[in-house]
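Worksheet: one structure, shown below.
The values are calculated or read from the model by the stated rules, or taken from the named source; none is laboratory data. Just so we're clear, the structure is a prediction, and the values are computed from it rather than from any experiment. Cβ coordinates were reconstructed from backbone atoms using ideal geometry, including for glycine residues, and neighbour counts include every protein chain displayed.
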Amino acid sequence: MKTLEEYKIWLKKIQRNNELDHLEFVWELMRSPFIEFHYSLIIDNGLNNEFSRDLKSRFNDHIEAEDFLIGKLINNQDIEFHSEIIYLLGKINKKHKAKILEYAKKLAEDQNSYTRKKAIIVLGWIGKSAETKILEKHLLEDKNEKCRAWSASSFMQMWYNRNSVKTKAYRAFEKALLSETDPFVISVILNAIRTIGKTKLGISQTSLDELNITQINIGKEKAIRHIEKTLKPKK
């Protein structure tokens with residue numbers, strides 16, 4: 001097994017030679033006991049995007065990753081990195097489920113929109129029916145369009161694990177479609193309805209991805225009718 005100093009020397013070689021493959025470094029580091037060193041790298045803004053992404057994606061392979069990260073939140077350390085910490089914890093979600101959910105709800109109200117977005121995504125992964133109120137609030141009231149969009153997407157993610165939230169999701173979507181003006185947010189809502197309702201709404205995925213305004217408006221009207229029909233009390 002390599003020593004910490006050997007990993008630091010290896011890292012310098014990678015940084016000096018951009019063509020040097022970093023994947024072997026990541027694979028060995030994630031199996032090492034040097035979690036503090038690994039963590040220092042995933043919060044290092046000086047690394048290139050691909051290297052940083054691969055380091056983050058393998059950090060959870062450390063056996064003690066969950067304990068390590070939850071400790072950062074409990075001790076209020078690295079506040080500027082809480083968005084990534086909650087995101088990584090949301091992917092693990094094993095030993096500290098209640099705490100992770102607690103912090104996800106707290107960070108969903110953070111002043112930083114990027115942190116709110118990450119926390120909203122985690123709520124979609126691990127949230128329960130009670131957390132639909134938080135998603136609805138952000139879908140309807142958040143000033144950041146990405147947070148509103150991810151709230152719609154998180155309803156869909158939650159539905160994968162809890163089909164019972166369909167009615168709550170549809171009621172929130174109906175309100176949003178009547179007031180939302182941002183094409184991107186509307187396209188994400190429509191995509192969620194298409195998935196949850198198993199209906200195409202007469203609009204292609206390409207039109208949604210390319211933000212085709214004409215097609216999105218057509219899909220929006222069909223989505224509202226679909227929701228009204230679905231929520232209409234059965235006689």
- Would you mention how many residues in region 10-39 are surrounded by 11 or more Cβ atoms within 10 Å (Cβ to Cβ) and either among the hydrophobic types (A, V, I, L, M, F, W, C) or closer than 19 Å to PHE81 by Cβ (or both)? 15
- Message: Give me the residue from region 43-76 that is within 12 Å of LEU88 (Cα to Cα) and small (Gly, Ala, Ser) and, out of that set, surrounded by the most Cβ atoms within 10 Å (Cβ to Cβ).
- Response: ALA65
- Item | Tally, over region 173-225, of residues that are assigned to a loop (DSSP other than H, G, I, E, B), among the small types (Gly, Ala, Ser) and closer than 22 Å to LEU135 by Cα | 0
- Can you name every residue in region 93-135 that is assigned to a loop (DSSP other than H, G, I, E, B) and out of contact with any helix residue (DSSP H, G or I) (no Cβ under 9 Å at 6 or more places or on another chain)? GLN111
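Please work out if TYR170 is in a helix (DSSP H, G or I), over 17 Å from the mean Cα position of the chain (by Cα) and in the same structural domain as HIS226 (by TED's automatic domain parsing). Outline the logic, then answer.
Numbers: in a helix (DSSP H, G or I): yes; over 17 Å from the mean Cα position of the chain (by Cα): yes; in the same structural domain as HIS226 (by TED's automatic domain parsing): yes.
Yes; evaluated as a whole, the condition is true for this residue.
Among the candidates SER40, SER32, which residue alone is of a type outside the set (Lys, Arg), at pLDDT 95 or above and assigned to a helix (DSSP H, G or I)?
Values: SER32 fails: assigned to a helix (DSSP H, G or I).
Selected residue: SER40, the only one of SER40, SER32 that is of a type outside the set (Lys, Arg), at pLDDT 95 or above and assigned to a helix (DSSP H, G or I).
Let's see how each residue does on (1) closer than 17 Å to LYS56 by Cβ; (2) in contact with a His (Cβ under 9 Å, 6 or more places away or on another chain); (3) in the same structural domain as ILE121 (by TED's automatic domain parsing):
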residue: GLY71; (1), (2), (3): no, no, yes
residue: ASP78; (1), (2), (3): yes, no, yes
residue: SER83; (1), (2), (3): yes, no, yes
residue: TYR87; (1), (2), (3): yes, no, yes
residue: LYS106; (1), (2), (3): no, no, yes
residue: ASP110; (1), (2), (3): no, yes, yes
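Of the residues in region 12-26, how many are in contact with a helix residue (DSSP H, G or I) (Cβ under 7 Å, 6 or more places away or on another chain) and either free of Cβ contacts under 8 Å to residues at least 24 places away in the same chain or assigned to a helix (DSSP H, G or I) (or both)? Give the derivation first.
Narrowing region 12-26 to residues in contact with a helix residue (DSSP H, G or I) (Cβ under 7 Å, 6 or more places away or on another chain): 14, 20, 22-23, 25-26.
If we keep only those that are either free of Cβ contacts under 8 Å to residues at least 24 places away in the same chain or assigned to a helix (DSSP H, G or I) (or both) too, we end up with 14, 20, 23, 25-26.
Count: 5.
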